[in-house]
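Visitor: Please see the structure below; I have some questions.
The values are calculated or read from the model by the stated rules, or taken from the named source; none is laboratory data. Please read all numbers here as calculations on a predicted model, not as lab measurements. Neighbour counts are summed over all protein chains in view; Cβ atoms, including those assigned to glycine, are modelled from backbone coordinates with ideal geometry.
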Amino acid sequence: MMNASSKISIERVSKYFGRGSDQVRALANIELNVKENEFVTLVGASGCGKSTLLRILSGLETIDDGAICVDGQAIDGPGVDRAMVFQHYSLYPWLTVRQNIQFSRRLKTNRRDLTSSAVEVASGRADALLRLMGLTHVADAYPNQLSGGMQQRTAIARALQGKPSILLMDEPFGALDAQTREVMHDLILHVHALEKTTIVFVTHDVEEAIYLGHRVVLMAPRPGRIDTIYDVPLPAVRNPEMKLAPEFTALKREILARIRETSGMKTDLATLEQLTRSAV
């Protein structure tokens, strides 16, 4: 149900791809409210519509049924209030780190009414983001000179340059090694605390979803829908040791079991076990 006090309100949203006999219902009756400054993570089996929902929130996809609002206003396309960070960094290889971060203000649309003082503020914002992301020492380097973690930090800084109130993140750490992911987890939590941004974060990693999120939204496939929403029983300030806490591991087991059930994986595993026994 639409909630006027929510930052993001999604009411009975459905999305179809294709036409006629080839039409596929990608999302079915999605209902979700996200509060101001909340960090919500989306998990679920492949094909459950997590990324499709995120693209709808960004304005890159339209909906076929239902309604979706930000601050009470219907979304009718991309907006400066929302920024997207993808798994693949999508940096411009011919621009330096600083130039990539500042890119949005070079666009004609964003320069239309830009005063000299506004340009100065934007430049100061870029410098602040370089410091926040630990990128000052590589500000004049090009993307091919950076590690994967540095490239993703640049992409996040670029997304934050325009001070969006909503940050949408589609498996942003999926291509990083485990140690770099740990660093990025704490970095994005630090950014969230400082910027007061509302974050919707898609991941396949249940541990990541619990560690980062205030709530974990589990989606199920065929068609994509919200199955269960879990409140995360952890303090607001997180640290890696929390991953060893009994309540953390219990929630992780519960969510993983539910993903197996909703995706049909549990049935597949049972069938595989029967085949293995019969072959012995």
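Visitor: Of all residues being surrounded by fewer than 21 Cβ atoms within 10 Å (Cβ to Cβ) and among the hydroxyl-bearing types (Ser, Thr, Tyr) in region 144-170, which is nearest to the chain's Cα centre (by Cα)? Just the residue, please.
Guide: 165
Visitor: Which of the residues belonging to region 141-150 are over 10 Å from residue 100 (Cα atoms) and not aliphatic (A, V, I, L, M)?
Guide: Answer for region 141-150, where residues must be over 10 Å from residue 100 (Cα atoms) and not aliphatic (A, V, I, L, M): 144, 145, 147, 148, 149.
Visitor: Going through region 222-251 one residue at a time, which ones are in contact with a Pro (Cβ under 9 Å, 6 or more places away or on another chain) and of a type in the set (Phe, Trp, Tyr)?
Guide: Within region 222-251, just 248 meets the criteria.
Visitor: Going by what's in this entry, would residue 208 be described as assigned to a helix (DSSP H, G or I) and either within 17 Å of residue 251 (Cα to Cα) or not acidic (Asp, Glu) (or both)?
Guide: Working: assigned to a helix (DSSP H, G or I): yes; either within 17 Å of residue 251 (Cα to Cα) or not acidic (Asp, Glu) (or both): yes.
Criteria met by residue 208.
Visitor: May I pose another question? Checking residue 188 against (1) among the β-branched types (Val, Ile, Thr); (2) over 17 Å from the mean Cα position of the chain (by Cα); (3) part of a helix (DSSP H, G or I); (4) surrounded by 14 or more Cβ atoms within 10 Å (Cβ to Cβ), which single condition isn't satisfied?
Guide: Looking at each condition in turn, residue 188 falls short on (2).
Visitor: Starting from region 229-257, keep only residues that are loosely packed, with under 11 Cβ neighbours inside 10 Å, then list their pairs with residues that are in a helix (DSSP H, G or I) whose Cβ atoms are within a distance under 7 Å, requiring at least 6 positions of separation or different chains.
Guide: Final answer for the pair search is 240/182.
Visitor: Would you call residue 228 part of a strand (DSSP E or B) and among the polar types (S, T, N, Q)? Outline the logic, then answer.
Guide: Details: part of a strand (DSSP E or B): yes; among the polar types (S, T, N, Q): yes.
Yes: the conditions hold for residue 228.
Visitor: Something else now. Name the residue, out of 177, 140, that is free of Cβ contacts under 8 Å to residues at least 40 places away in the same chain and out of contact with any Leu (no Cβ under 8 Å at 6 or more places or on another chain).
Guide: Numbers: 140 fails: free of Cβ contacts under 8 Å to residues at least 40 places away in the same chain.
Answer to the selection: 177.
Visitor: Here's something else I'd like to know. Would you kindly identify the strands (runs of 3 or more DSSP E) lying entirely within region 25-95 that contain at least 3 residues that are surrounded by fewer than 22 Cβ atoms within 10 Å (Cβ to Cβ) and modelled with pLDDT of 95 or more?
Guide: Correct list: 65-70.
Visitor: Restricting to region 96-123, give me the number of residues that are in a loop (DSSP other than H, G, I, E, B) and at pLDDT 85 or above. Walk me through how you get there before you give the answer.
Guide: As a first pass, look at region 96-123 and keep what is in a loop (DSSP other than H, G, I, E, B): 96, 102, 107, 112-115.
Narrowing the set further to residues that are at pLDDT 85 or above leaves 96, 102.
So the answer is 2.
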